[in-house]
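Below: the structure, in structure tokens.
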Amino acid sequence: MFTNAIVRKPCKNMVNGITSAKLGQPDYQNALKQHANYVEALKKCGIKVTVLDADENYPDSVFVEDTALITPKCAIITNPGTESRNGEKGAIEIALKNFFPDLQYIVSPGFVDGGDVMMAGDHFYIGLSKRTNKEGANQLITILKRHGLTGSTVALKSVLHLKTGINFIEKDNMLAFGEFLTKQEFGKFNIHEVPREESYAANSLWINGKVLVPKGFPKTLNIIKREGYEAIVVDVSEFRKLDGGLSCLSLRF
Ligand code: GLY
């Protein structure tokens, strides 16, 4: 169960964020509204939300998930693997120190983006991507082991981050599409196939028994309801334009 989340307000400069989505530039005013609604959705799940100020130096800084990994046993500042985003971790480190005095760190030449790390109970799957390298994954696995947790790597082919393609929604259920439907490392889970045209919704987010689902993906919404979850639909279309999903917008602990 989560009790807290950290989010960061989008900055005006988000229009210059990294993207491969080809959905046009985000509308800043609408992004602010959508972000406020996202915070309300987190609160509906019983979470206290810390909202950090926007930082115009970092266009992608709303996507706080990439800067840290928080587990029930330890908190780790990652080392985001793209130069324009690496400095985002500074503000997150300051915010997290209030909750976790004994922070751990991934250091160069190791790189990890939090979006590549998926928690499934005591085990952490780490996607090897353009942002997360083997050295970063090894450092992370060593830290996890010290805290009685385990980690393993997953090769990625076509997605930005591991959690772009697969997400654990508890009760042994994974939402997945494409290359993640047949990966043997996820064979022990119930894999629920997200149709390709709804692939963005594979990044739906379990929080305290409810699942946040992006607006506009009715087939995925039906899967989640069918599996007995209470779904909360959240419109994050402005963040989708920057390749960001629901999980990217918060750190939960
Ligand atoms: N725009 C989010 C990212 O590329 O990390």
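The values are calculated or read from the model by the stated rules, or taken from the named source; none is laboratory data. Since this is a predicted model, take the numbers as computed values, not measurements. Because the Cβ atoms are built from the backbone with ideal geometry, glycine has one as well, and the counts that use them run over all protein chains shown. Heads up: the accessible areas ignore ligands, DNA and RNA and are worked out on the full protein's heavy atoms, side chains in. Shrake-Rupley method; radii C 1.70, N 1.55, O 1.52, S 1.80 Å.
Once you have a ≥ b ≥ c as the square roots of the Cα gyration tensor eigenvalues for the chain, tell me rounded if a/c is under 1.5, and otherwise prolate or oblate according to whether a/b is larger than b/c.
Because its axes are fairly even, with a/c under 1.5, the chain counts as rounded.
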Requested in this report: Rounding to the nearest 20 debye, state how big the charge dipole of the chain is about its Cα centre with +1 on each Lys and Arg Cβ and -1 on each Asp and Glu Cβ.
Outcome: 340 debye
Query raised in the report: Using the reciprocal of the averaged 1/r over all distinct C-alpha pairs, how large is the Kirkwood radius of the range 181-222 in Å?
Result: 11.4 Å
Report summary line: Note on the range 140-232, DSSP bridge orientation, antiparallel percent to nearest 5 equals 45 percent
**Report entry** With all protein chains modelled, accessible area of VAL39 [1.4 Å, Å²]
**Finding:** 10 Å²
Query raised in the report: Between ASN30 and LEU103, 0.36 nm times their residue separation minus their Cα-Cα distance comes to what?
Result: 22.8 nm
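Suppose every Lys and Arg Cβ carries +1 and every Asp and Glu Cβ carries -1, with no other charges. What dipole size does the range 1-104 come out with about its Cα centre, to the nearest 20 debye?
That gives the range 1-104 a dipole magnitude of about 360 debye.
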Query raised in the report: Going by the alpha-carbon gyration tensor, a ≥ b ≥ c the square roots of its eigenvalues, is the range 77-137 rounded (a/c under 1.5) or, if a/c is not under 1.5, prolate (a/b greater than b/c) versus oblate?
Result: oblate
Query raised in the report: Antiparallel DSSP bridges in the chain: what percent, to the nearest 5?
Result: 40 percent
Report summary line: By the Cα gyration tensor axes a ≥ b ≥ c (a/c under 1.5 gives rounded; else a/b larger than b/c gives prolate, otherwise oblate), the shape of the range 128-253 is prolate
Query raised in the report: So what does MET174 come to for accessible area, using a 1.4 Å probe and Å² rounded to 10?
Result: 0 Å²
Report summary line: With all protein chains in place and a 1.4 Å probe, HIS35 shows an accessible area in Å² (nearest 10) of 10 Å²
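Mind checking the per residue accessible area of the range 1-117 for me, 1.4 Å probe, whole number of Å²?
That works out to 46 Å² for each residue.
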Query raised in the report: Counting alpha carbon pairs within less than 8 Å and at least 6 residues apart, what relative contact order, in whole percent, applies to the range 1-58?
Result: 60 percent
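I'd like the carbon and sulfur percentage of the solvent accessible area for the chain, probe radius 1.4 Å, heavy atoms only, ligands and nucleic acids excluded.
50 percent
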Query raised in the report: Normalised by the residues of the range 33-116, what does the relative contact order come to in percent, with Cα pairs under 8 Å and at least six apart?
Result: 29 percent
Query raised in the report: Once both labels are modelled 7 Å past Cα along the beta-carbon direction, what's the LYS12-LYS48 spacing in nm?
Result: 3.4 nm
Report summary line: Contact order relative to length for the chain, counting C-alpha pairs under 8 Å separated by 6 or more residues, stands in percent at 23 percent
Query raised in the report: So, counting K/R as plus one and D/E as minus one, what does the shell of residues with Cβ under 13 Å around THR3 add up to?
Result: +3
